[in-house]
1. Determine which member of the set B:ILE39, B:ILE64 is surrounded by fewer than 20 Cβ atoms within 10 Å (Cβ to Cβ) and within 22 Å of B:GLU151 (Cβ to Cβ).
2. Tell me, which helices (runs of 4 or more DSSP H) lie completely within the range B:1-68 with 3 or more residues that are free of Cβ contacts under 8 Å to residues at least 40 places away in the same chain and under 14 Å from B:TRP85 (Cα atoms)?
3. Looking at A:LYS11, A:LYS54, can you tell me which residue is basic (Lys, Arg), at pLDDT 55 or above and part of a helix (DSSP H, G or I)?
4. Going by the structure shown, is B:ARG166 at pLDDT 95 or above and either assigned to a helix (DSSP H, G or I) or at positive phi (or both)?
5. Condition first: modelled with pLDDT under 90 and either in a helix (DSSP H, G or I) or facing another protein chain (nearest Cβ under 9 Å) (or both). Can you find one or more residues in the range B:132-155 that meet it?
Amino acid sequence: MEKKSDAFLRKMLKNWVNRQCPPDSGRARLLWEAARISRNKIDLSVILLHPQFKSYSSSNDWSQTFFTWINENSIQFGIQARII
Amino acid sequence: MEAITDSELALSLQAGSLEALGVLYDRHRGLVFRTALAITGDAEAAADLLHDVFLRLHRFAAHIDPQRPLEPWLYRMTTNLSYTWVKRRQRWFRPLEDVADWLAGTRKDTPAYQAEKDDSWRQVQQAVSSLPLSHRGVVVLYYINDLSLLEISEILDIPVGTVKSRLHYGRQALKQSLGLLAGEILPELQYEFT
């Protein structure tokens, strides 16, 4: 009798939860969110253990451009000064 | 892809594979959703918890041992998040619901309310929801997920004796709520059972 009512309880509870299904859009929502987190994730170990010095190249280019401009213009101003 | 084991998928997930996450989701979403639904009694909450559990699996993939079965981890995370959801709801929303019922006043006399009350499945939900949270978790893992006492003790991190006692009291309370002790069986439920 105990086992019969236990089996009934098991079947009834399973039927109860099986009446509802997980949402169909759940997978797409999960993968979208996981991809967003992966994109934003900053791996500190990479920064600390393998610093990417190349990323500073743009600022080096900028300073190089600036000093080239100074040099070129100073030469030009010098030439102009001599002509006058 | 279906023949790949959970352990191999966990390794792929650790390497950052979202495809592996998708396969694990398809494989285990029923287990997580049913467990969360049974503990919370709320389908929307269960859907949100399903999302949260797999998002945590993705975030904490590096901490998971691929050599061990994944299901206990999923059960543990699902029950913990479901417990948190229920406690938060009890703290914040129960008083609001009581006020709403009091303001509604005559709601209990309406035919709609009576029909709702007569719904046998709602009685099952109420019977499960009325169990103390610790008993509810054990009952859900035992009856709905077919786990053994030992597996439940490992998932919930409690002694087997505690699992047995919670299961005993949970079972008795459920049978009493559903009229099974008196030999009554709700007609709709009996129909579903046969």
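The values are calculated or read from the model by the stated rules, or taken from the named source; none is laboratory data. Note that the structure is a prediction, hence the values are computed from the model and not measured. With ideal geometry, Cβ positions are generated from the backbone for all residues, glycine too; neighbour counts draw on all protein chains shown.
1. When all the criteria are applied, what remains is B:ILE64.
2. Working: elements: B:6-14, B:18-40, B:43-59.
Here the list reads B:43-59.
3. Of the residues listed, the single one that is basic (Lys, Arg), at pLDDT 55 or above and part of a helix (DSSP H, G or I) is A:LYS11.
4. Details: at pLDDT 95 or above: yes; either assigned to a helix (DSSP H, G or I) or at positive phi (or both): yes.
Yes; evaluated as a whole, the condition is true for this residue.
5. At the first step, the residues of the range B:132-155 found to be modelled with pLDDT under 90 are none.
No, because not a single residue in the range B:132-155 is modelled with pLDDT under 90 and either in a helix (DSSP H, G or I) or facing another protein chain (nearest Cβ under 9 Å) (or both).
Each row is one residue, and each column tells you yes or no for (1) under 15 Å from the mean Cα position of the chain (by Cα); (2) among the aliphatic types (A, V, I, L, M).
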site: B:ILE4; (1), (2): no, yes
site: B:LEU9; (1), (2): no, yes
site: B:LEU18; (1), (2): no, yes
site: B:TYR25; (1), (2): no, no
site: B:GLY41; (1), (2): yes, no
site: B:ALA46; (1), (2): yes, yes
site: B:PRO66; (1), (2): no, no
site: B:LEU70; (1), (2): no, yes
site: B:TRP73; (1), (2): yes, no
